[in-house]
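Trainee: Let me begin by handing over the structure; questions about it come next.
What follows is calculated from the coordinates using simple rules that are stated; it is not laboratory data. No experiment lies behind these values; they were computed from the predicted model shown. Positions of Cβ are backbone-derived with ideal geometry, glycine not excepted, and every protein chain shown enters the neighbour counts.
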Amino acid sequence: MRRPLLILVSAALMAACSTDSGELVARDIVSEIPWKAPESAQYRLLLGDDVKGSGKLRLFESNGVLVIEQSFQFPDIDVTDIVILEVDPQTLRPRAEERVIDGPEGKRECQATYGASSATIEQKTQEDKRTDELSVPPQHYDSWSDLFLWRTIEFFEGQELKYVDVSSCSLAKPELISPVLKVKQVEDVTVPAGTFQAWRLEFRAKGRTQKAWYADDERRTLVRYDNGDLVFELESIE
């Protein structure tokens, strides 16, 4: 079960997906930054009705950049997965990234660095090492920022956006992708942290639909996220 669950780990965290058409639409989508760093939110991770692990999403500022840290623990398979992404605090343009997956099969490490029009991604395991270079448009994001990026858009029914993500430190070859993001409606959502009025956002790729719910308030906390395999549910936020 270790390999399938590790794939689910990556799938749970890599929110963005390529579109059915493969079309890339480069644009800025940040409207307003709703958080005040530092911020830390704790989640339980569900596979069906079973709790498979825990996750923490953190924001803090350091030396003029916004640091997005995502850490996940899966005790049943003895796997930890930590991603640290540095972005511009206003535009969320990526600058640098580091990911370390540690488990019974050893460590898998990745580093990504961004220039104005390029991204360099270095990935290594105990047995293998590879480096990929990608050309990127001026308007781009890193897919590991998506769960935060979506908090910054305008929420109204029928809103639909496309943008360019760099699928960087994943379990696959790095590539440019263009998610289709739609704002649906406000719903009642109950999670361990309580019951929230929350906006449901959806995005579709290759026949699959994923969903994220954000609190309908100034902070726009992610309260629930369903990627089709694992579900994040908010337990607490500071």
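Trainee: GLU133 to ILE84: extension gain in nm, 0.36 nm per residue of separation minus the Cα-Cα distance?
Mentor: Answer, rounded to one decimal: 15.7 nm.
Trainee: With point charges of +1 on the Cβ of Lys and Arg and -1 on the Cβ of Asp and Glu, referenced to the Cα centre of the stretch 2-237, which listed residue (ALA112, GLN185, LEU92) lies farthest in the positive direction of the dipole?
Mentor: ALA112
Trainee: ASP50 label point, 7 Å along Cα→Cβ, cut-off 20 Å on backbone N: hits in the stretch 88-119?
Mentor: 103-105
Trainee: Same structure, new question: Which one of LEU46, VAL164, LEU149 has its Cα pushed farthest toward the positive end of the charge dipole of the stretch 2-237, where Lys and Arg give +1 and Asp and Glu give -1 at the Cβ?
Mentor: The Cα lying farthest towards the positive end belongs to VAL164.
Trainee: Something else about it: Sequence gap of 8 or more, or different chains, plus Cα separation below 17 Å: how many lysine pairs satisfy both in the chain?
Mentor: 12
Trainee: Still on this structure, I have one more. Computed FRET efficiency, Cβ-Cβ of ILE29 and GLU122, R0 30 Å: what is it to the nearest 0.05? Let's see the in-between values first.
Mentor: On the way: r = 28 Å, r/R0 = 0.93.
That pair, ILE29 with GLU122, gives E of 0.60.
Trainee: Once you keep just the Cα pairs under 8 angstrom separated by 6 or more residues, what percentage relative contact order results for the chain? Walk me through the intermediate numbers first.
Mentor: Numbers: 591 pairs, mean separation 51.3, N = 238.
This gives 22 percent for the chain.
Trainee: Charges at C-beta only: +1 for Lys and Arg, -1 for Asp and Glu. How large is the resulting dipole of the stretch 18-81 about its Cα centre, in Debye rounded to 20?
Mentor: 260
Trainee: Can you match mean projected area of the Cα convex hull in nm² to one of these, (i) 12.3; (ii) 15.3; (iii) 17.4, based on a calculation from the structure here?
Mentor: Here the calculated entry is (i).
Trainee: Something else about it: Classify the stretch 55-146 as rounded, prolate or oblate from the Cα gyration tensor: take a ≥ b ≥ c as the square roots of its eigenvalues, call it rounded if a/c is under 1.5, otherwise prolate when a/b beats b/c and oblate if not.
Mentor: Judged from the Cα gyration tensor, the stretch 55-146 comes out oblate (a/c at least 1.5, b/c at or above a/b).
Trainee: What are the ³J(HN,Hα) couplings of the stretch 74-84, residue after residue, when phi is run through the Karplus curve with 6.51, -1.76, 1.60 and θ = phi - 60°? Round to Hz, x for glycine and proline.
Mentor: 10, x, 4, 10, 6, 10, 10, 9, 10, 10, 10
Trainee: Could I ask something else about it? With charges set only on the Cβ (+1 for Lys and Arg, -1 for Asp and Glu), what does the dipole of the chain come to about its Cα centre, in debye to the nearest 20? Don't skip to the end; give the middle numbers.
Mentor: Details: 29 positive and 42 negative charges, 67 e Å.
Computed charge dipole of the chain: roughly 320 debye.
Trainee: Here's something else I'd like to know. Counting only the backbone N, which residues of the stretch 53-67 are under 16 Å from the spot 7 Å out from the Cα of ARG95 toward its beta-carbon?
Mentor: 59-67
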